[in-house]
Amino acid sequence: MTLFRAKALYKENLKQFGRDVLRSYWILLKIMVPALVVVKFLEEFGLTDVLALGLAPLMSSLGLPSEFGFVWAAAILTNLYTAMVVFYQLADGNTYTVAQISTLSLLLLLSHALPVEGAVAKLVGVSWRLTLLLRIVGSYLLAFVSMWLMRLFDFGEQSSVMLWQPSAQDNSLGSWLISQLEMLIGILFILAALMAFLRMLTFIGFDNVLAWLLRPLTKMLSIGKQATNVTIIGLMLGLSFGAGLMIDESRKGSIEPRDMKIAVCFLGLCHSIIEDTFLMLLLGADVIPILLGRIVFSVLVVAVVARLVFAHAGPSAQQP
């Protein structure tokens, strides 16, 4: 191959990569921007308070104060950071046990940012009904089981220590617009970097090594090796990034639709395990229930869902 032809091929591949990034990003934008606007609108009209009142009765069954329903409602509609601010305002001067904070953290970790993340999941074929069932009912079920196990073994009865205090927030519309714009721009650059990273893994053949190492997990989840890399990235960084990568891979025919749905169900329950876990530790939670418990629960639940809900789609191509 001549040097001129190699340069031309390189430029064409680079242009194609840029088109793939922008196409995947544009699809995400069409889902995320309307969802963000709707959530902001509903917040301004007090939907968080209405939702909190509906969730408050569930708190007592988990051994939590009824006002924690406001924290869970804030997480469901917005994100973990907003929920942490609400928690800090409610916790001022109050003392809670590590078990209570760990139980609350499981609710927040499994069911946060549902309008945006549910819309992203819908993009790859996971229905709203399944998303809400898995994430809201699933979070309550895991929190309930975890709470009883901690009581059974007298775990986490000591007072929790909050290691984080929020700074003053600007709640103006202008500040909200700027923060959302910064977030959306950040997603573009991170998505591009992740897509480049995945292609590099494929080029050097490491994706096959990673698929082999994680074969027990992918077999349990009943997904093919092609979905392994994006699942791991979503596990570490977030559902939106995982879905964005799946969009790119699906356009190349690399991931089966069934695998995409199963992977997104798993990522809905278990994503951003480093950042999100760290945030809950700052509130005073214990790492065992919020990390180990979350991972084990997510794998078991999605393994069942894969075989019951998506069984009709046929088996995925597993690594031989």
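Values as computed for the structure displayed
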quantity: Gained length - Leu184 relative to Arg215, 0.36 nm times residue gap less alpha-carbon distance; calculated: 7.8 nm
quantity: Share of carbon and sulfur in the accessible heavy-atom surface of the range 117-190 [1.4 Å probe, %]; calculated: 67
quantity: Charge tally in the Cβ shell below 15 Å around Gln158, where Lys, Arg are +1 and Asp, Glu are -1, Gln158 excluded; calculated: -2
quantity: Ellipsoid equivalent to the range 196-320 - semi-axes via the Cα gyration tensor, in Å; calculated: 24, 18, 13
quantity: Total charge dipole magnitude, the chain, about the Cα centre, Cβ charges on Lys, Arg, Asp, Glu only, Debye to nearest 20; calculated: 1640
quantity: Amide H partners (placed H, <5 Å) of Ala113, local residues excluded; calculated: Ile76, Leu77, Thr78, Asn79
quantity: For the chain, accessible area per residue (1.4 Å probe, heavy atoms of protein chains only), Å²; calculated: 50
quantity: Residue-wise HN-Hα coupling along the range 72-79, computed from phi with Karplus coefficients 6.51, -1.76, 1.60 (Hz; x: Gly, Pro); calculated: 5, 4, 4, 5, 4, 7, 10, 7
quantity: Derived scalar couplings ³J(HN,Hα) [the range 52-67; Karplus, 6.51 cos²θ - 1.76 cosθ + 1.60; whole Hz; x for Gly, Pro]; calculated: 4, 5, x, 8, 3, x, 6, 5, 5, 5, 9, x, 10, x, 4, 5
quantity: q = 0.12, 0.17, 0.19, 0.21 Å⁻¹: log10 I(q)/I(0) that the Debye formula gives for the range 69-215, counting C-alpha atoms only; calculated: -0.76, -1.14, -1.19, -1.25
quantity: Cα long-axis angle, helix 3-44 against the chain (0 to 90 degrees, to the nearest 10); calculated: 20
quantity: Tensor-based shape of the range 244-311 (alpha-carbon gyration tensor, a/c under 1.5 rounded, otherwise prolate or oblate); calculated: oblate
quantity: Karplus-derived 3J(HN,Hα), 6.51/-1.76/1.60, for each residue of the range 278-285, Hz, glycine and proline x; calculated: 4, 4, 6, 5, 5, 7, x, 6
quantity: Built amide H within the under 5 Å cut-off of Thr97, gap 5+; calculated: Ser160
quantity: Principal-axis tilt of helix 80-91 within the chain, Cα atoms, nearest 10 degrees; calculated: 10
quantity: FRET E, pair Trp164, Leu132, Förster distance 25 Å, beta-carbon r, rounded to 0.05; calculated: 0.30
quantity: Surface share of carbon and sulfur [accessible, 1.4 angstrom probe, percent] for the range 200-320; calculated: 71
quantity: Mean ellipticity per residue at 222 nm, deg cm²/dmol - from DSSP H runs of n ≥ 4 across the chain, formula -39500 (n - 2.57); calculated: -23000 deg cm²/dmol
quantity: Cα-Cα separations in the chain greater than 35 Å, expressed as whole percent; calculated: 24
quantity: Spatially near lysine pairs across the chain, Cα under 16 Å, sequence gap of 8 or more or different chains; calculated: 7
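The values are calculated or read from the model by the stated rules, or taken from the named source; none is laboratory data. The shown structure was predicted, so the numbers you read here are calculated from the model rather than taken from an experiment. Glycine also receives a Cβ, built like all others from the backbone with ideal geometry; neighbour counts cover every protein chain displayed. We work out accessible area using only protein heavy atoms, side chains counted, and drop any ligands, DNA or RNA first. Shrake-Rupley method; radii C 1.70, N 1.55, O 1.52, S 1.80 Å.
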